[in-house]
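Q: First, the structure itself, so that you have it in front of you.
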Number of protein chains: 2
Amino acid sequence: MTSHAKQGIPAATVARLPLYLRALGTLSDEGVTTVSSEELAAAAGVNSAKLRKDLSQLGSYGTRGVGYDVDYLVYQVSRELGLTQDWPVVIVGLGHLGHALANYGGFASRGFEVRALVDADPDIVGTRVAGLVVSPLDALEEIINAQGVAIAVIATPAMAAQDVCDRLVASGVSSILNFAPSMLVVPEHVEVRKVDLSIELQILAFHEQRKAPLLTPMAQAATS
Amino acid sequence: MTSHAKQGIPAATVARLPLYLRALGTLSDEGVTTVSSEELAAAAGVNSAKLRKDLSQLGSYGTRGVGYDVDYLVYQVSRELGLTQDWPVVIVGLGHLGHALANYGGFASRGFEVRALVDADPDIVGTRVAGLVVSPLDALEEIINAQGVAIAVIATPAMAAQDVCDRLVASGVSSILNFAPSMLVVPEHVEVRKVDLSIELQILAFHEQRKAPLLTPMAQAATS
DNA sequence: AAGCGCTTGTGAACGAGAGCACAAAGTGAG
DNA sequence: CTCACTTTGTGCTCTCGTTCACAAGCGCTT
Ligand SMILES: NC(=O)c1ccc[n+]([C@@H]2O[C@H](COP(=O)([O-])OP(=O)(O)OC[C@H]3O[C@@H](n4cnc5c(N)ncnc54)[C@H](O)[C@@H]3O)[C@@H](O)[C@H]2O)c1
Ligand SMILES: NC(=O)c1ccc[n+]([C@@H]2O[C@H](COP(=O)([O-])OP(=O)(O)OC[C@H]3O[C@@H](n4cnc5c(N)ncnc54)[C@H](O)[C@@H]3O)[C@@H](O)[C@H]2O)c1
């Protein structure tokens, strides 16, 4: 029983590591070699104690009285996130959003490589998007196996999402990023993250509505 | 002192209300008139006790022994989220992502109306996207005031995001949905939500890496 | 080598959220 | 009317996460 505590890094910490990584990358580009938790926390927009606790989960990579070595920390965080290797990614659904994603340069810069594009529409299959030829849906299983894809992006309409998801999982994909507004049901071992525009906007609307009534004269009077 | 508890709805609850609303919409379309917390929770993918607690924050809209009236609950949740009114939205940055967003039908269906598109590139300004003519960046303030925009979407490169954000805030926008991978600094009263592709993928990569070593023969042997 | 100032790493207090379990409140049958 | 059954609304506990505050540790100066 090694009490390394390496076993479980809190989910909240994992979600922030990419944030730190980005801030560190910027600092590194600026030629900064050493950074304190206070500075890095400010750059990432978090509390410095939280940042220190997060980083301490990975090990003791700081130097008291000095701070953290930027490049070394970049390496350690990258390693922890599994970014020292490249991850082949497949995008399913090449409508408006799928096109944008396929053309997005931000993938490759962090170790993700879009290896294949898949769509169900015969008019789209065969066309060239971002340097790749769009494959038919039938080829999905073959592509996943041939390319060793473990991470997939779903950008199909909501109705098709669960179906596509099932096929991805059956083919061995165990991490899915879902843009369709639907609840995906998956086996225990599959990790799904969803990005939902509509939900974000609705949350913003909630806050807007909360603010608006405060400006009315009536509300002012009621507080007296 | 009205003990209405109307004052503070937990953030976690607000984030789930759109989920419930979507599930309720589907049920309503299917002709379902009444739903129990158990059923709705399953449809939304959450624990039923959590759902009941969330809904009880809005008021006592259920009937014991029966459940919730679907249409009535749709109305109450919509009202709470501020979706009974239309929100004019402006999209800044019409590259790949901005085009996809502008063409996305999911906005209007929930009370969000894209009123204006803004870009800095002279080649893009003046073109027609999704039925709207793209306006120049200079017109930003005027558009926001004229259209009464309170919610803005930033889809510019990261470098331009803070600058655009500052101008939006100065013009009176108080809710921002940011797609650029950058930390926006805003005054207290402005609500920012960010959607970050790259972060989501990195979190997936972390989990993939955690899983991978478990499949090696050595790990298998170690468990015996 | 000793002292001083700075920064990390972490114990501990605090707060928010998840989920259990059950009383309260409704429906419908007899 | 009463009883059995269903489902809501909520008190309570437990877990997870955040933040404070400070001892421990490091380097620089004298
Ligand atoms: N466009 C946006 O900005 C945006 C924003 C948020 C969410 N979304 C969501 O993302 C998804 C895609 O949006 P979009 O605007 O690109 O839609 P779209 O209609 O433009 O594209 C959908 C694509 O999926 C393909 N497709 C349909 N069924 C398929 C299947 N079974 N297998 C593979 N491909 C299939 C279609 O041929 C089409 O090319 C939708 O669920 C939408 O709700 C889009
Ligand atoms: N494309 C994607 O799938 C994707 C995914 C995740 C995140 N993002 C992020 O979204 C943003 C946009 O991505 P994209 O692929 O559409 O990039 P893009 O380069 O295709 O588009 C950027 C657009 O913003 C405009 N612009 C630049 N400076 C501006 C300014 N100051 N004011 C107004 N407009 C300005 C440009 O003219 C261009 O049209 C980027 O920050 C990117 O990192 C994109």
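The values are calculated or read from the model by the stated rules, or taken from the named source; none is laboratory data. All figures in this text were calculated on a predicted structure; none of them were measured in a lab. As a convention, Cβ positions derive from the backbone with ideal geometry for all residues, glycine included, and neighbour counts pool all protein chains shown. Accessible surface is based on the protein model in full, side chains and every heavy atom, while ligands, DNA and RNA are left aside. Shrake-Rupley method; radii C 1.70, N 1.55, O 1.52, S 1.80 Å.
Q: Of all residues being away from every other protein chain (no Cβ under 12 Å) and under 23 Å from residue A:26 (Cβ atoms) in the stretch B:167-186, which is farthest from ligand 2 (Cβ to nearest atom)? Just the residue, please.
A: B:169
Q: Before we move on, is residue B:138 within 16 Å of ligand 2 (Cβ to nearest atom), under 19 Å from residue B:165 (Cα atoms) and surrounded by fewer than 13 Cβ atoms within 10 Å (Cβ to Cβ)?
A: yes
Q: If you go through the stretch B:74-92 one residue at a time, do you hit one that is charged (D, E, K, R) and more than 22 Å from residue B:173 (Cα to Cα)?
A: no
Q: Any idea which of (1) touching a Pro at 6+ places or on another chain (Cβ under 9 Å); (2) within 15 Å of DNA strand D (Cβ to nearest atom); (3) in contact (Cβ under 8 Å) with a residue 60 or more places away in the chain is the one residue B:80 doesn't satisfy?
A: (1)
Q: Select from the stretch B:84-131 the residues that are β-branched (Val, Ile, Thr) and within 18 Å of residue B:165 (Cα to Cα) and list them in ascending order.
A: B:89, B:90, B:91, B:92, B:114, B:118
Q: Let me ask another. Does residue B:134 satisfy the condition of being free of Cβ contacts under 8 Å to residues at least 40 places away in the same chain and not in a helix (DSSP H, G or I)?
A: For residue B:134, the condition - free of Cβ contacts under 8 Å to residues at least 40 places away in the same chain and not in a helix (DSSP H, G or I) - is not met.
Q: Quick one: how many residues across the stretch A:70-114 are more than 14 Å from chain B (Cβ to nearest Cβ) and open to solvent by 70 Å² or more (accessible area, probe 1.4 Å)?
A: Matching residues across the stretch A:70-114 total 3.
Q: Now for a different question. Quick check on my filter: what residues within the stretch A:91-109 are without any contact (Cβ under 8 Å) to a residue 40 or more places away in the chain and within 20 Å of residue B:208 (Cα to Cα)?
A: Listed by number, the residues that qualify are A:106, A:107, A:108, A:109.
Q: Please name all residue pairs, on different chains or six or more residues apart, with Cβ atoms under 7 Å, provided the first residue is in the stretch A:199-224 and is open to solvent by 60 Å² or more (accessible area, probe 1.4 Å) and the second residue is at pLDDT below 95.
A: A:213/A:219
Q: Let me ask something else about it. Criterion first (open to solvent by 20 Å² or more (accessible area, probe 1.4 Å), within 16 Å of ligand 2 (Cβ to nearest atom) and in a loop (DSSP other than H, G, I, E, B)) does residue B:123 satisfy it?
A: Yes, satisfied.
Q: While we're on this one: Out of (1) surrounded by 15 or more Cβ atoms within 10 Å (Cβ to Cβ); (2) outside the structural domain of residue B:132 (by TED's automatic domain parsing), the odd one out for residue B:65 is which?
A: (1)
To keep it simple, each residue is scored yes or no on (1) within 16 Å of DNA strand C (Cβ to nearest atom); (2) within 14 Å of chain A (Cβ to nearest Cβ); (3) more than 18 Å from residue A:200 (Cβ to Cβ).
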| residue | (1), (2), (3) |
| --- | --- |
| B:122 | no, no, yes |
| B:125 | no, no, yes |
| B:130 | no, yes, yes |
| B:136 | no, no, yes |
| B:142 | no, no, yes |
| B:146 | no, no, yes |
| B:151 | no, yes, no |
| B:165 | no, yes, no |
